[in-house]
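Below is one structure, written out as structure tokens; comments come after it.
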Amino acid sequence: MKISDVEVIPFRIPYHTPLKWGLAGYLDAAEHVLVRIRTDEGIVGCAEATPRPTIYGESQRSIAFAIEHWFKPMIVGKDPFATETIWGELETIYWNPTAKGAIDLALHDIQAKAAGIPAYRLLGGWSNQVPLSWMVGINPIELMVEEALIRKDEGFKAFKIKVGVDPDKDTQVVKALREKLGEDVLIYVDGNQAYSTQQAIRALEAMEEYGIGMVEEPLPVWNWRGRLEVADRLSVPIMGDESVFTPHDVAREIELGVIGIISIKTPRTGYYQSRKIIQMAELAGIGCLVGTQAESSLGTLPSAHFAAAFQNIRYPSEISYFLNIKDSLLQEPIRLRDGAIELPQEPGFGVKVDEDKLKKYRVDI
């Protein structure tokens, strides 16, 4: 089997409500890129690239250009099972993480289809269900509480709360959520690197009173002294996200000793690098969760298969944001039961693209 073609299709689907985080983070639509890899045996792999210019420096235009002009010529004609060889080629071009990640995911979709099994079984087969958490963006307190209560009624038992702009308000949000949601749910916070060291210590120590389970990236990644100080002061673990983009980052952070949990995001590391990260974490005694890039339903399924495959995914996965997107590119909706994804049993990811929807939402760049 050989790779015969690579197709990139940018699309835009609005969110029901915008997502706000950190000092400047804002999204009002999924402006992503469908990546399809075709083979000479008729097997097609699908994945989604998620541009985040403020995080990775990528855009729809740059992803489409990188794949069309750099990566496609590298991989056409190659064996889709030769991931080591293919990554050796991809890494000759610096960065472009979600362009590379989408290529890798589409290749693993092909591999699982060729093997005739769902992707989670190809990777490890730990489970066929993925418990979810819900991400609450920055809004007035009453709206944040209302949003969380709606999702709790739908079966969600874990909530990630965006914080970092107003430490006093952040503490009040956590207090209100704990009072309304009760003691039986996981509440944790994500500072998106927005706090100063003293702000983080003051706010997070106050939040500990209300039972937060962990905190994600409270300080800028470069502030390693402050991060160490915060980790030393808290009784809950710090989760790495922006500090663990690559396996090399993970090795550095494990040695530094700040993080106690790692957020793996398959859109930026594919399965090839994500497997390295989860194995490094397991050897260091660090648990993982699968984080969100606010994927559409198309991009959610590859992440869900990864989350289900490994025992060391110890926490609910954040890949629920497809519920905030106004439409789907899939022919069939993702199956949810009691706040968890039930994975499709078709070979590969189980992605069946609705071509009429794709035509409706595709954009020219």
How about the stretch 45-109: which helices (runs of 4 or more DSSP H) wholly inside it have at least 3 residues that are in contact with a helix residue (DSSP H, G or I) (Cβ under 7 Å, 6 or more places away or on another chain)? 83-90
Quick one: in the stretch 60-98, which of the residues that are of a type in the set (Gly, Ala, Ser) and in contact (Cβ under 8 Å) with a residue 60 or more places away in the chain is nearest to Val363 (Cα to Cα)? Ala64
Does the stretch 257-265 include one or more residues that are among the small types (Gly, Ala, Ser) and surrounded by fewer than 23 Cβ atoms within 10 Å (Cβ to Cβ)? yes
Determine, yes or no, whether Ile254 is closer than 23 Å to Leu228 by Cβ, at pLDDT 95 or above, not assigned by TED's automatic domain parsing to the domain that holds Arg52 and not in a helix (DSSP H, G or I). no
Is it true that Ser243 is surrounded by 15 or more Cβ atoms within 10 Å (Cβ to Cβ), assigned by TED's automatic domain parsing to the domain that holds Cys288 and among the hydroxyl-bearing types (Ser, Thr, Tyr)? yes
Based on this model, can you work out whether Lys100 counts as touching a Leu at 6+ places or on another chain (Cβ under 9 Å) and not assigned by TED's automatic domain parsing to the domain that holds Val244? yes
Regarding Lys113, is this residue part of a helix (DSSP H, G or I), among the basic types (Lys, Arg) and either touching a residue at least 60 places away in the same chain (Cβ under 8 Å) or closer than 22 Å to Thr300 by Cβ (or both)? yes
When the stretch 308-336 is examined, which residues are found to be over 22 Å from Ala30 (Cα atoms) and either modelled with pLDDT under 95 or among the hydrophobic types (A, V, I, L, M, F, W, C) (or both)? Ala308, Ala309, Phe310, Ile313
Restricting attention to the stretch 304-348, the residues that are of a type in the set (Lys, Arg) and in a strand (DSSP E or B) number exactly 2
For Leu132, are the conditions met, namely being within 30 Å of Gly164 (Cα to Cα) and in contact with a Gly (Cβ under 6 Å, 6 or more places away or on another chain)? yes
Within the stretch 223-273, of all residues that are of a type in the set (S, T, N, Q) and in contact with a helix residue (DSSP H, G or I) (Cβ under 8 Å, 6 or more places away or on another chain), the one nearest to Ala194 (Cα to Cα) is Asn223
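The values are calculated or read from the model by the stated rules, or taken from the named source; none is laboratory data. Keep in mind that what you see is a predicted model, and the values were worked out from it rather than measured. Backbone-built Cβ (ideal geometry, glycine too); neighbour counts: all protein chains shown.
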